[in-house]
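Contents: one structure, followed by commentary.
The values are calculated or read from the model by the stated rules, or taken from the named source; none is laboratory data. Because the structure is predicted, anything quoted here is derived from the model rather than measured. Counting neighbours? That spans all protein chains shown, and the Cβs are built from the backbone with ideal geometry, glycine included.
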């Protein structure tokens, strides 16, 4: 119950943060190259106890909610689904000493920072690549898509990791 | 047979993904084909209400700039008002009001959501069907054209911004009769647009004004679009590509007018009749 409540709170909170704060940030001419998707943090930290099918449905719901606010016609939902597809494989790859089945939320404190940064960058990279690919809907724009993916991934990952250091308390061992 | 089942069991997760992805593609396709999909639309329900709340807080930050704009516009209107014209001779000037009828009605509206960082940027304004807003009405502000209405709900409408790669209208230079197509290419930056299809023999120079042509019935004729910054000859054709800077600053669009063309239905029916022949 506590887990569900916390997740709903974070779900709503992250959507509001994304729509009313992060999307209002004006980066000037960089606007067309960098898009910040801080709300994806919800899927990065999502509990690994929960079945991957449920995770995918949650990802769909999250993406559709963002699409509703940003008028983006389903492209965020599509990218979130792709992220949810990649995540289980990636989690199996970076398996560490403490088994992931017992992790309630996957933050910087459950893993060492290098591994977590790698995990975030890879997932965000997959997310943004899919997002921009669907948005442009053509392989001809591949160089532009790649540039946008790299820049957006770096800045979003930075924001998410710094945000986690600020917002989460280090669990006592 | 058993192997087949094993195979399907293996790709169960992948097929789950594909089914959901197809569902999302269906949504994308349905939304982009101009039909009124109200579910994923900020003109609908909760998000519209939330954006209005946000706007009622944030509008204070723009007050100074907006006041300036409105004051300028007031001054301009005052200048154009009838009593400003002094009568030269009692015999010569006679204003015959019957010769003029109103063609365009302007409805004030406030932009409650705006984006500039995507390929297909959309604005949301705070008027809807309760104020007779209909799709394909033009949206302008005191500086120039902003976009046109796409979807309408009771109290909100979404507006396709000029900063949208699907946007295309005919425009012309102020001092010339040639017509080009105004569009926003994916390579264009915010507040920059491209006019295509103007033959090279029309001399268009930097600083020329581009205005609406009025043929589509969405905008009145002669609404400001932007100022030419550069002309490039188009490779392999007789045409030139004209780069313009828009008159409207799309980072700061706040108070707008929705233009209702009273003769739009008439114009459309005539154009349709032509098309059917």
Single condition residue A:111 does not satisfy, out of (1) part of a helix (DSSP H, G or I); (2) more than 12 Å from every other protein chain (Cβ to nearest Cβ); (3) in contact with a helix residue (DSSP H, G or I) (Cβ under 8 Å, 6 or more places away or on another chain); (4) over 22 Å from residue B:17 (Cβ atoms): (1)
Among the helices (runs of 4 or more DSSP H) contained in the range A:12-103, which hold 3 or more residues that are closer than 24 Å to residue B:112 by Cα and at the interface with another protein chain (Cβ under 10 Å from one of its Cβ atoms)? A:52-70, A:75-93
Criterion violated by residue B:37 - all others in (1) touching a helix residue (DSSP H, G or I) at 6+ places or on another chain (Cβ under 9 Å); (2) at pLDDT 75 or above satisfied: (2)
Pick from the range B:183-215, criterion touching a strand residue (DSSP E or B) at 6+ places or on another chain (Cβ under 7 Å) and touching a residue at least 60 places away in the same chain (Cβ under 8 Å), ranking: surrounded by the fewest Cβ atoms within 10 Å (Cβ to Cβ): B:191
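Is it the case that residue A:8 is surrounded by fewer than 18 Cβ atoms within 10 Å (Cβ to Cβ) and more than 23 Å from residue B:163 (Cα to Cα)? Walk me through it before giving the result.
Values: surrounded by fewer than 18 Cβ atoms within 10 Å (Cβ to Cβ): yes; more than 23 Å from residue B:163 (Cα to Cα): yes.
Yes; evaluated as a whole, the condition is true for this residue.
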Against the condition over 30 Å from residue B:47 (Cβ atoms), surrounded by fewer than 19 Cβ atoms within 10 Å (Cβ to Cβ), at pLDDT 85 or above and within 14 Å of chain B (Cβ to nearest Cβ), how does residue A:146 come out, does it pass? no
Residues that are crowded, with 23+ Cβ neighbours inside 10 Å and under 11 Å from the mean Cα position of the chain (by Cα), drawn from the range B:122-136: B:122, B:123
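Test residue B:259 against the criterion of being in contact (Cβ under 8 Å) with a residue 24 or more places away in the chain, closer than 30 Å to residue B:62 by Cα, touching a strand residue (DSSP E or B) at 6+ places or on another chain (Cβ under 9 Å) and assigned to a loop (DSSP other than H, G, I, E, B), and give yes or no. Give the steps one after another, and end with the answer.
Values: in contact (Cβ under 8 Å) with a residue 24 or more places away in the chain: yes; closer than 30 Å to residue B:62 by Cα: yes; touching a strand residue (DSSP E or B) at 6+ places or on another chain (Cβ under 9 Å): yes; assigned to a loop (DSSP other than H, G, I, E, B): no.
No, not satisfied.
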Failed item in (1) away from chain A (no Cβ under 13 Å); (2) under 17 Å from the mean Cα position of the chain (by Cα); (3) modelled with pLDDT under 75, with residue B:104 passing the rest: (3)
